[in-house]
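The values are calculated or read from the model by the stated rules, or taken from the named source; none is laboratory data. The structure presented is a predicted model; accordingly, all values stated were derived computationally and were not measured. Methodologically, a virtual Cβ is constructed for each residue, glycine included, from the backbone with ideal geometry; neighbour enumeration extends over all protein chains shown.
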Amino acid sequence: MSTVTLTNGIKTMKVDIGIDEKHRKEIAEGLSRVLADSYMVYLKTHNYHWNVTGQLFHPLHEQFEVQYTELAEAIDIIAERIRALGFRSPGSFKEFSKITSIEEDTDQPDAMEMIKRLARDNERILRTAREALKPSHKADDEATIDLLTQRLSVHSKTAWMLRSHLE
C-alpha cells in the first residue's frame with residue numbers, strides 16, 4: 001500500500017483509481033463549480049419556497065420544495081464524488097460564492113420573476129455541467145460522466161418545467 005505523508009505528519013493512502021492526479025484535479029475543479037452552482041440554486045429555490053406569494057403560491061410552493069429537495073441530495077452526491085477523486089470539496093458559502101456563476105438575489109422578486117430566475121439558473125448549471133464533462137471525457141471517468149449526465153437530465157427538465165409557467 002502506497003502512502004503519502006502530509007505536511008502535518010498524517011499518512012493517507014495514495015489515490016490510485018486509474019485516473020492520474022492532473023486529470024482528477026481538473027475533474028474535481030469542474031465538479032466544484034457544479035457543486036457551487038447547485039448549492040446557490042438550492043438556497044435560492046428554498047428561499048423562493050418560503051417567500052412565494054400570489055395566485056401561484058400553492059403550486060409553486062410545492063414545485064420549489066420538490067426542486068430544492070432534489071438539489072439537496074445532488075449536492076451531497078457531487079461533493080462525495082470530489083472526495084472520491086481525492087480532493088477536498090468546497091463546503092462554505094464563502095468558497096461557493098467565489099466559484100459560482102449563479103447570481104445571488106439582492107431584491108424580493110414576485111412569483112413570475114422567481115420562475116424566470118430559476119429557469120435561467122438551471123440553464124446556467126447545464127452550461128457549467130457541460131464544461132465539467134470535458135475533462136471527465138478526456139480521462140475516461142465514467143463515474144463522473146454518469147453523475148453529470150444525470151444532472152444534465154434533471155436540470156434540463158427543471159428548466160423546461162419552469163419555462164412552461166411563462167408561456
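Here ARG83 qualifies as charged (D, E, K, R), without any contact (Cβ under 8 Å) to a residue 60 or more places away in the chain and within 21 Å of ILE145 (Cβ to Cβ). Considered as a group, the residues in the stretch 15-29 that are more than 13 Å from ARG83 (Cα to Cα) and not acidic (Asp, Glu) include one that is surrounded by the most Cβ atoms within 10 Å (Cβ to Cβ), and that residue is ILE19. Checking each residue in the stretch 47-67 for being in contact (Cβ under 8 Å) with a residue 60 or more places away in the chain and under 21 Å from the mean Cα position of the chain (by Cα) picks out TYR48, GLN63, GLN67.
Condition check ((1) surrounded by fewer than 16 Cβ atoms within 10 Å (Cβ to Cβ); (2) at pLDDT 95 or above; (3) not in a strand (DSSP E or B)) across all residues:
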| site | (1), (2), (3) |
| --- | --- |
| ASN8 | yes, no, yes |
| TYR42 | no, yes, yes |
| HIS46 | no, yes, yes |
| TRP50 | yes, yes, yes |
| HIS58 | yes, yes, yes |
| GLU62 | yes, yes, yes |
| TYR68 | no, yes, yes |
| GLU80 | yes, yes, yes |
| ARG88 | yes, yes, yes |
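Taken residue by residue, the stretch 115-132 has no member that is modelled with pLDDT of 95 or more, among the charged types (D, E, K, R) and in a loop (DSSP other than H, G, I, E, B). Of the set (1) under 19 Å from LEU162 (Cβ atoms); (2) of a type outside the set (A, V, I, L, M, F, W, C); (3) under 11 Å from the mean Cα position of the chain (by Cα), all apply to LYS44 but (3). Within the stretch 135-156, residues that are farther than 18 Å from ARG124 by Cβ and crowded, with 21+ Cβ neighbours inside 10 Å sit with their Cβ atoms under 6 Å from residues that are at pLDDT below 95 and not acidic (Asp, Glu), at 6+ positions apart or across chains, in these pairs: ASP141/ILE19.
Restricted to the stretch 157-167, and to residues that are surrounded by 19 or more Cβ atoms within 10 Å (Cβ to Cβ) and of a type outside the set (Val, Ile, Thr), which residue is farthest from GLU29 (Cα to Cα)? By that ranking, first place goes to LEU162.
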